[in-house]
Amino acid sequence: MPSRSMWRDALLAAALVGLGVAVGLGAPSVRAQPSPIPQTDGWELVMRCVICHSVEIAVQQRFGPQGWSETLDRMIRYGAPIPPEDKQTLMAYLLQHYRDPNGR
C-alpha cells in the first residue's frame with residue numbers, strides 16, 4: 001500500500017506538471033474546460049487518473065466488473081492514488097458509464 005509520502009509526492013508532481021504546462025504554453029489565462037465525463041457520484045475519483053494519463057485514455061476503455069477490477073488493481077500497483085476504500089466507488093462509476101456491453 002502506498003505510503004502517505006508517496007501520495008503527497010504524486011499529488012505534488014501532478015501539480016507541478018500542470019503548472020509547468022501552463023507556464024510553458026505561455027497561456028495568458030487558464031480557463032476551466034468542461035469535463036468530458038458524466039459528473040455523477042464517483043466522477044472526481046476518475047480525475048485522479050490524470051496524474052499519469054488523460055481522462056480520455058481512462059474512459060475510452062470498456063470493461064465488465066472483472067476487467068475494471070483488474071485494471072484498477074494494476075493502476076494501484078503502478079502508484080495511482082486510489083485508496084482501497086475508494087476502489088468500489090470508482091468501479092461503480094466506471095461500470096455505470098463505461099461498461100463493456102458484452103460484460104468482459
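The values are calculated or read from the model by the stated rules, or taken from the named source; none is laboratory data. As the structure is a computational prediction, the values presented were derived from the model and not from experiment. All Cβ positions, even for glycine, are placed from backbone atoms using ideal geometry, and neighbour counts span all protein chains on display.
Key figures
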item	result
Close pairs from segment 75-94: first outside any loop (DSSP other than H, G, I, E, B), partner charged (D, E, K, R), Cβ under 7 Å, at least 6 apart	Tyr93/Asp41
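Residue-by-condition table, conditions (1) surrounded by 15 or more Cβ atoms within 10 Å (Cβ to Cβ); (2) at pLDDT below 65:
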| residue | (1), (2) |
| --- | --- |
| Leu19 | no, yes |
| Ala27 | no, yes |
| Val30 | no, yes |
| Gly67 | yes, no |
| Arg74 | no, no |
